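J.: There's a structure below that I have some questions on.
The values are calculated or read from the model by the stated rules, or taken from the named source; none is laboratory data. Predicted, not measured: the structure shown is a model, and the values here were computed from it. As a convention, Cβ positions derive from the backbone with ideal geometry for all residues, glycine included, and neighbour counts pool all protein chains shown.
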Amino acid sequence: MKKVAIQGIAGSFHDIAAKNYFKGEKIEIIPCNTFKEVFAAIKKDNSIIGFIAIENTIAGSLLQNHNLLKDSGLKVVGEYKLRIEHSLVALRGQTINDISKVYSHPIALMQCEDFLLANPHLSPIESDDTASSAKRIADEKLYGCAAICGKLAAEIYDMEILAEGIETNKRNFTRFLVIADPWLAEEMMADKKINKSSMVFALPHEEGSLAKVLSILSYYGVNLTKIQSLPIIGREWEYLFYINLTFDNFMMYRQSINAIRPFTKDLQVLGEYEEFINS
């Protein structure tokens, strides 16, 4: 049985995404309060697989997780993209007019801004997690309070759904990365199709340094699907560039990495894996 560490508890979007990714397999979910705890769990037991959010189509990149991944020595072995659907849930026997306080993760509250504005009697209150907000209301029998979370959390904690599909933008997706210790990653990637990679590098503060790297990748037929820059602390005007690449020819991709390496600093391949395509 695979052991999978996630940020959040049963019913969270990490829980939903992990179970979807490993559909048909028996897995044990290891809940963690923070992303740092996910990485720590894998360091303590290298048979554990991690499942972490890395970007959202509305909220953008989770910058903390980029740095945690870079510094961890772990490898990306897969990805999953989940459509995020929010519901307003509360203890049974109430209507939306009975609710005055709404608890959820700050990003979830932001993603439901239009709904909250249309219901001004609802006061949003930030919490650590979507599903844990529902669990707290259920455990403490907090009448007059609601949580914004997924429908699975409502089912698990026996809550009533007062409104569903309350997210402002229906094209709301979160991309998750599957991460593992290098030795386990090698085992998991055996016989898998590899057509995507994630990597990070620094560049000298010189004119055209990034353009040169991108031109080389293009020459080798490698497609840049994402680029995220972060400042390097203590090195003024130098940046780390996190990029995602897709490719059809693995050998050409590997040649492109060798070609750009002399023009970069501290190039690190974070993982080579199969691209997830939404069906």
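J.: Can you name every residue in the range 139-159 that is within 14 Å of Lys101 (Cβ to Cβ) and of a type in the set (A, V, I, L, M)?
T.: Leu142, Ala146, Ala147, Ile148
J.: From (1) modelled with pLDDT of 95 or more; (2) surrounded by fewer than 19 Cβ atoms within 10 Å (Cβ to Cβ), pick out the condition that doesn't hold for Lys170.
T.: Lys170 satisfies every listed condition except (1).
J.: Where the second residue is among the hydroxyl-bearing types (Ser, Thr, Tyr) and the first is closer than 22 Å to Ala40 by Cβ and lies in the range 181-199, which pairs have Cβ atoms under 7 Å and are six or more apart or on separate chains?
T.: These pairs meet every condition: Leu184/Ser47.
J.: Just name the residue that is surrounded by the most Cβ atoms within 10 Å (Cβ to Cβ) out of those in the range 103-126 that are of a type in the set (A, V, I, L, M) and within 24 Å of the chain's Cα centre (by Cα).
T.: Only one residue tops the list, namely Ala108.
J.: Kindly indicate the residue of the range 207-255 that is among the hydroxyl-bearing types (Ser, Thr, Tyr) and over 27 Å from Gly60 (Cβ atoms) and also surrounded by the fewest Cβ atoms within 10 Å (Cβ to Cβ) among those meeting that condition.
T.: Applying the filter and picking the extreme gives Tyr219.
J.: If you check Asp71, Asp98, which single one turns out to be acidic (Asp, Glu) and not assigned by TED's automatic domain parsing to the domain that holds Lys19?
T.: Within the list Asp71, Asp98, the selection yields Asp98.
J.: State the number of residues belonging to the range 226-279 that are without any contact (Cβ under 8 Å) to a residue 12 or more places away in the chain and in contact with a strand residue (DSSP E or B) (Cβ under 7 Å, 6 or more places away or on another chain).
T.: 2
J.: May I ask you to list pairs of residues, at least six apart or on different chains, whose Cβ atoms are under 9 Å apart, with the first in the range 82-102 being without any contact (Cβ under 8 Å) to a residue 40 or more places away in the chain and the second being not in a strand (DSSP E or B)?
T.: Filtered contacts from the range 82-102: Asn97/His121.
Residue by residue, here is whether (1) at pLDDT 95 or above; (2) of a type in the set (Val, Ile, Thr); (3) out of contact with any helix residue (DSSP H, G or I) (no Cβ under 7 Å at 6 or more places or on another chain) holds:
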| position | (1), (2), (3) |
| --- | --- |
| Trp237 | no, no, yes |
| Ile243 | yes, yes, yes |
| Phe247 | yes, no, no |
| Arg254 | yes, no, yes |
| Asn258 | yes, no, yes |
| Lys265 | no, no, yes |
| Gln268 | yes, no, no |
| Tyr273 | yes, no, yes |
| Ile277 | no, yes, yes |
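J.: Which of the residues that make up the range 179-202 are touching a helix residue (DSSP H, G or I) at 6+ places or on another chain (Cβ under 9 Å) and among the small types (Gly, Ala, Ser)?
T.: Hits for the range 179-202 are Ala180, Ser197, Ser198.
J.: Given the structure, is Phe201 buried (at least 19 other Cβ atoms within 10 Å of the Cβ) and either closer than 22 Å to Asn65 by Cβ or in the same structural domain as Leu117 (by TED's automatic domain parsing) (or both)?
T.: The answer is yes for Phe201.
J.: Could you go through the range 130-138 and let me know if any residue there is assigned to a helix (DSSP H, G or I), surrounded by 19 or more Cβ atoms within 10 Å (Cβ to Cβ) and of a type in the set (D, E, K, R).
T.: yes
J.: Considering only residues that are within 17 Å of Leu69 (Cβ to Cβ) and either exposed (fewer than 14 other Cβ atoms within 10 Å of the Cβ) or not assigned by TED's automatic domain parsing to the domain that holds Tyr219 (or both), which ones fall in the range 256-269?
T.: Within the range 256-269, Asp266 is the sole residue that qualifies.
J.: Now for a different question. Taking Ile54, is it within 16 Å of the chain's Cα centre (by Cα) and either more than 24 Å from Phe241 (Cβ to Cβ) or of a type in the set (S, T, N, Q) (or both)?
T.: Spelling it out, it is not the case that Ile54 is within 16 Å of the chain's Cα centre (by Cα) and either more than 24 Å from Phe241 (Cβ to Cβ) or of a type in the set (S, T, N, Q) (or both).
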